[in-house]
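Just below is one structure, and these are the notes that go with it.
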């Protein structure tokens, strides 16, 4: 028997067939397109994502002789995937990295609303959360909002297509409307955001003990699977990935080098004291939580950098970076490239990227190394901000295919980095969730101990780590200086914005080797 798992990421949908021991039997991947029709916008065609799921599922089913006993899935989080009463999209999905609601978030921050909401749900709002997007739609596209029946997430959209049921997994629901301790919607937060009208759009929350539906006939025919097959809704991709790589106890941190640059650590209890930042998510383990700090720009920045310096293959950026010394000849890259600004470990919709210290003496090799170092400094900052002592850093995502970057992260963070034998970690997290939800294993920890197998470990080099301690301080100090000009840059952009800007071109998924 086999368990079929789907991971619907932002730029790539993956389907994996696992045997009962958690070994990958078949893997299929299909790229999806992110559209940016206007400055700050980030959207996807919802049917396009579903079509990619159908294609990948059919591919692995066709290539595997094992009968399927369950289908489990995870997907990108946040954003807003609106559907009407007939279950059809009322427009494109507005994604987690969309920035159109930045002004709303800024007003909420200035009024203390984001801080107050954080004390209830442990999540610090940003422009790509469903609350900010719904608020924007109420002012700018009321017709679409009024025509919508439910505000789903990617996972909720897939669950609707698969089972015909409206639902949201509790990790998706966490931001912005959930009382994180009670794991139910908070009327207080709806009032804080001045959004009691949004309650009708919120689907029922599901978590441990209530994850399983049945595959409806129409979807079964499309996927070429038997109707009535159990369908398991796993946590969204950030906590699912932590499960899939085995980061389930405090100290076992996990970084996703993917479309987002997310660093998370399991915590035993919710702590909403201190400086508000990042996310606190139900982890998928009953009663457990994941403290996650997810920066807006991940390997998408690598794709941008490849075009900038004329590289055709993702692994070439690692190859180039290795040909120059630590510190990149005095260049510092601050990777705040998302039009939505930054959300962790600090939140600033004005944040923009920069490359400091350039001169005629520098080459493409220096730029390549500076980019990888800059993104690694962000991981270190997120680790330090989380307040937990990391004993290991488990790495996944397209960037984890680079041995050089894995070693660089170990040197910059001072923490051993580890990779898993699995190629699709989010799908493996859905597999772990399916085992626990179906009662096949007694606990998440038992599933991880049995089915998550380390591939290799990169130990920090003491000499390089000492050097990077100093360079990390320089990275932060230079950013502090650049931050002072973000307001002025925003004014300049607004003043000289072209009336008909050229839409941003999605570089597609980036996988280093």
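Bear in mind that the values in this text are calculations on the coordinates, not laboratory data. These figures come from a predicted structure and were not determined experimentally. Counting neighbours? That spans all protein chains shown, and the Cβs are built from the backbone with ideal geometry, glycine included.
When only C-alpha pairs under 8 Å and at least 6 residues apart count, what is the relative contact order of the chain, in percent?
Answer for the chain is 16 percent.
Region 235-292 to region 171-232: how many Å between their Cα centroids?
Between the Cα centres of region 235-292 and region 171-232 lies a distance of 19 Å.
If each residue of separation counts as 0.36 nm, what is the full-extension length gain between residue 271 and residue 403 once their alpha-carbon separation is subtracted?
44.0 nm
Can you give the Rg and Dmax of region 1-130 based on its C-alpha atoms, in angstrom?
Considering region 1-130 through its Cα atoms, Rg and Dmax are 18.4, 58 Å.
Distance from the Cα centre of region 440-472 to that of region 372-389, in angstrom?
Computed from Cα coordinates, the inter-centre distance equals 15 Å.
By how many nm would the segment from residue 119 to residue 492 lengthen if fully extended, with 0.36 nm per residue of separation less the alpha-carbon distance?
130.8 nm
Please report the Cα spread of region 318-405 along all three principal axes, rounded to whole Å, starting with the longest.
Answer, in whole Å and largest first: 39, 32, 22 Å.
For the pair residue 470/residue 38, report the inter-label distance in nm, with labels modelled 7 Å from Cα in the Cβ direction.
Going by the 7 Å Cα→Cβ label model, 5.0 nm.
Could you give the length gained on full extension between residue 107 and residue 308, defined as 0.36 nm per residue of separation minus the Cα-Cα distance, in nm?
68.9 nm
Where q = 0.13, 0.14, 0.15, 0.18 Å⁻¹, what log10 of I(q)/I(0) comes from the Debye formula for region 2-233, counting one point per Cα?
Each listed q maps to, in turn, -0.77, -0.87, -0.98, -1.30.
Of all DSSP beta bridges in region 2-233, what percent run antiparallel (nearest 5)?
70 percent
Expressed in whole Å with the largest first, what are the equivalent ellipsoid semi-axes of the chain derived from the C-alpha gyration tensor as the square root of 5 times each eigenvalue?
33, 28, 22
Quick one: if you stick a label point 7 Å off each Cα along the C-beta vector at residue 221 and residue 65, how many nm between them?
3.0 nm
Would you give the gap between the C-alpha center of region 342-367 and the C-alpha center of region 402-423, rounded to a whole Å?
Comparing the Cα centres of region 342-367 and region 402-423, I get a distance of 22 Å.
If you take every DSSP beta bridge fully contained in the chain, what fraction is antiparallel? Give it as a percent rounded to 5.
Looking only at bridges with both residues in the chain, the antiparallel portion is about 75 percent.
With a Förster radius of 30 Å, plug the Cβ-Cβ distance of residue 191 and residue 147 into 1/(1 + (r/R0)^6) and report the FRET value to the nearest 0.05.
So, using R0 = 30 Å, E works out to roughly 0.75.
Restricting to DSSP H runs of at least four residues, report the calculated mean residue ellipticity at 222 nm for the chain, -39500 (n - 2.57) per run over all residues, nearest 500 deg cm²/dmol.
So the helix-based figure for the chain works out to -11000 deg cm²/dmol.
Answer rounded, prolate or oblate for region 186-280, using the Cα gyration tensor with square roots of eigenvalues a ≥ b ≥ c: rounded when a/c is under 1.5, else prolate when a/b is larger than b/c, else oblate.
Here region 186-280 falls in the oblate category.
Once you place label points 7 Å from the Cα toward the Cβ at residue 139 and residue 445, how far apart are they in nm?
Distance between label points: 4.8 nm.
Please compute the alpha carbon radius of gyration of region 72-138, then divide it by the globular-protein estimate 2.2 N^0.38 Å. Two decimals is fine.
1.23
Taking 2.2 N^0.38 Å as the expected size of a compact globular protein, what ratio does the Cα radius of gyration of region 256-324 give against it, to two decimals?
Working it through for region 256-324, the quotient is 1.55.
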